[in-house]
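S.K.: I have a structure here, written as C-alpha cells, and I will follow up with some questions on it.
The values are calculated or read from the model by the stated rules, or taken from the named source; none is laboratory data. These numbers were taken from a predicted model, which means no experiment stands behind them. Note that we place each Cβ from the backbone using ideal geometry, even for glycine, and neighbour counts take in every protein chain shown. Accessible surface areas use protein heavy atoms only, side chains included; no ligands, DNA or RNA. Shrake-Rupley method; radii C 1.70, N 1.55, O 1.52, S 1.80 Å.
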Amino acid sequence: MSSATRPRARRRALTGALATLGLSVGMIMTTGAQSASAATWPTPNGSQAVSSTIPISGTKDYGMKRLYGTGELGGDGQDEGQDPILRLANGAVLKNVILGAPAADGIHCEGSCTLQNVWWEDVGEDAATFRGNSSATYHVIGGGAKKAADKVFQHNGGGTLNISNFAVQEFKTLYRSCGDCSTQYTRKVNLNTIEVTGTGTTARIVGINTNRNDVATLRNITIRNDASRKVIPCQKYNNNTAVGTGPDSTNCLYSSSDITYR
C-alpha cells in the first residue's frame, strides 16, 4: 500500500478495442451495461453516497448506479486498514455497479464471490480485496479500473482468482498476492482477455510469491501505449522482495504470443 503519487495523465481514446481483444458483447455486458473497453466507461444511472460499509449476500444488481464514500468512508489515499464500500459474504454476486471517488478500500470478498461488470473510476486503497480460505474461488467478469496509485486487486486470502474481459489504466499493479499477510497461502490467478493501458512508468500486471508456489496464468493480454515496454506482465517476489520477471514453466505461465502490444 505505498503512498506513490496517483497518476493523473489524460486517458487516450482507444478505438477498435472490442475488435482487437475479440471480446464477446454477451460475455461482458448485462442489461444497461457497457463493454469492457478502456475507452468506453459506463455512464452512471444515478449516484449514492455511502457512509458505512454495505453488506452484500446473495445477488445484488445495482443497475449501473455509482457508489462513493462519505464520512468515515470518504478517504481515497493508501492508508492501511480502511473499510470497504461493499463487503460481500461467501458466495455473493455483485453486478452492474460503478465505484466513484472517494472509494475507501473498495470491495472486500470474505469468501468466494463474483464481481460482474463492476467499474472503479478512481481506485482508493485497493479496488477489491479477496479474503477467503484456500478453497475459495473468485470471479471478476467484465468491468474496469483506473487511477490506482498502488494495487487494483489485492489477494490476501487463499484460493483462485479468475479475471476476464477487464480493462485497466493508470495503475501500478493489477493483481498482487499478499507478501506479508499474517496467514499465507499458495494462491492462483488466471487472467484472460485483459486490456492494459501503459502509464509511462513501470507497472505490473501481476505480482506473485514464488516462494509460496503461487501460479499466474496470462492469456490474451493487450498492452497499449507502452512503446518502451515498461509494463511487466509477471513480477516475481519472495514475499516482498522482487526476484525476477518473465515467463517460466512453474509460476508465470504465459508466452510471448499471449501478449500483444498496440
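S.K.: To make sure I understand the rule: partners must be lysines, Cα under 24 Å from the Cα of residue 60, and not fewer than 8 residues away in the same chain. Which ones qualify?
M.R.: 95, 146
S.K.: Just add up the charged neighbours of residue 113: K/R +1, D/E -1, any other residue whose Cβ is under 12 Å from the Cβ of residue 113. Working shown, then result.
M.R.: On the way: positive: 60, 87, 95, 131; negative: 110.
Here the charged neighbours net out to +3.
S.K.: Hey, another quick one. Quote the relative contact order of the stretch 112-262 in percent (integer), defining contacts as alpha-carbon pairs under 8 Å separated by 6+ residues. Please report the intermediate quantities before stating the final value.
M.R.: Numbers: 430 pairs, mean separation 26.5, N = 151.
Result for the stretch 112-262 is 18 percent.
S.K.: Using each residue's phi in the stretch 192-202, evaluate 6.51 cos²θ - 1.76 cosθ + 1.60 at θ = phi - 60° and report the 3J(HN,Hα) Karplus result to the nearest Hz, with x for Gly and Pro.
M.R.: 9, 6, 10, 10, 10, 9, x, 9, x, 10, 4
S.K.: Per-residue HN-Hα couplings for the stretch 220-228, Karplus 6.51 cos²θ - 1.76 cosθ + 1.60 at θ = phi - 60°, whole Hz, x for Gly and Pro?
M.R.: Along the stretch 220-228, the couplings run 6, 9, 10, 10, 10, 6, 9, 4, 8 Hz.
S.K.: Please tell me the relative contact order of the stretch 60-140 in percent, rounded to the nearest whole number, where contacts are Cα pairs under 8 Å and at least six residues apart. The partial results should precede the final answer.
M.R.: Working: 216 pairs, mean separation 24.8, N = 81.
This gives 31 percent for the stretch 60-140.
S.K.: Once phi is turned into θ = phi - 60°, what whole-Hz ³J(HN,Hα) does the Karplus curve with 6.51, -1.76 and 1.60 give for every residue of the stretch 156-169, x standing for Gly and Pro?
M.R.: Along the stretch 156-169, the couplings run 8, x, x, x, 10, 10, 10, 10, 9, 6, 10, 10, 9, 8 Hz.
S.K.: On the accessible surface of the stretch 48-261, probed at 1.4 Å, how many percent belong to carbon and sulfur atoms?
M.R.: Working: 2970 of 7360 Å².
The nonpolar share, carbon plus sulfur, comes to 40 percent.
S.K.: A follow-up question, please. So what does log10 I(q)/I(0) come out to for the stretch 48-261 at q = 0.10, 0.11 Å⁻¹, using the Debye formula with one equal point on every Cα and no solvent?
M.R.: Each listed q corresponds, in turn, to -0.38, -0.47.
S.K.: Sequence-distant or interchain residues sharing an amide H contact under 5 Å with residue 99, placed H: which?
M.R.: It is 67, 119, 120, 121, by chain and number.
S.K.: May I ask you to compute the full-extension gain from residue 226 to residue 190, defined as 0.36 nm times their residue separation minus their alpha-carbon distance, rounded to one decimal in nm? Walk me through the numbers on the way to the answer.
M.R.: Details: separation 36, 0.36 × 36 = 12.96 nm, distance 2.25 nm.
Length difference between fully extended and current span is 10.7 nm.
S.K.: Turning to a different aspect of this structure: Per the Cauchy relation, a quarter of the hull surface: what is the mean projected area of the convex hull of the alpha carbons in the stretch 114-181, in nm²? Kindly include the intermediate steps, with their values, before the conclusion.
M.R.: Details: hull surface 16.5 nm².
Average projection, Cα convex hull of the stretch 114-181: 4.1 nm².
S.K.: Which sequence of 228, 164 reflects their accessible areas, 1.4 Å probe, from the largest down? The partial results should precede the final answer.
M.R.: Details: 228 85, 164 30 Å².
Descending order: 228, 164.
S.K.: Still on this structure, I have one more. Please identify which residues in the stretch 82-102 have an amide N closer than 16 Å to a label point set 7 Å out from the Cα of residue 45, following the Cα→Cβ vector.
M.R.: Flagged as within label range: 94-99.
S.K.: Students sometimes get this wrong: rank 253, 67 by accessible area, probe 1.4 Å, all chains present, largest first.
M.R.: Details: 253 50, 67 0 Å².
Heavy-atom accessible area, descending, gives 253, 67.
S.K.: In Å and from the alpha-carbon atoms only, list the Rg and Dmax of the stretch 74-136.
M.R.: Just the Cα atoms of the stretch 74-136 yield Rg and Dmax of 11.4, 33 Å.
S.K.: If the reach is capped at under 21 angstrom between alpha carbons, list the lysines near residue 188, excluding any in the same chain fewer than eight residues apart.
M.R.: 151, 172, 236
S.K.: Once you list every other residue whose beta carbon is under 14 Å from the beta carbon of residue 248, what net charge do they have if Lys and Arg are +1 and Asp and Glu are -1?
M.R.: Working: positive: 236; negative: 214, 258.
Net local charge, residue 248 excluded: -1.
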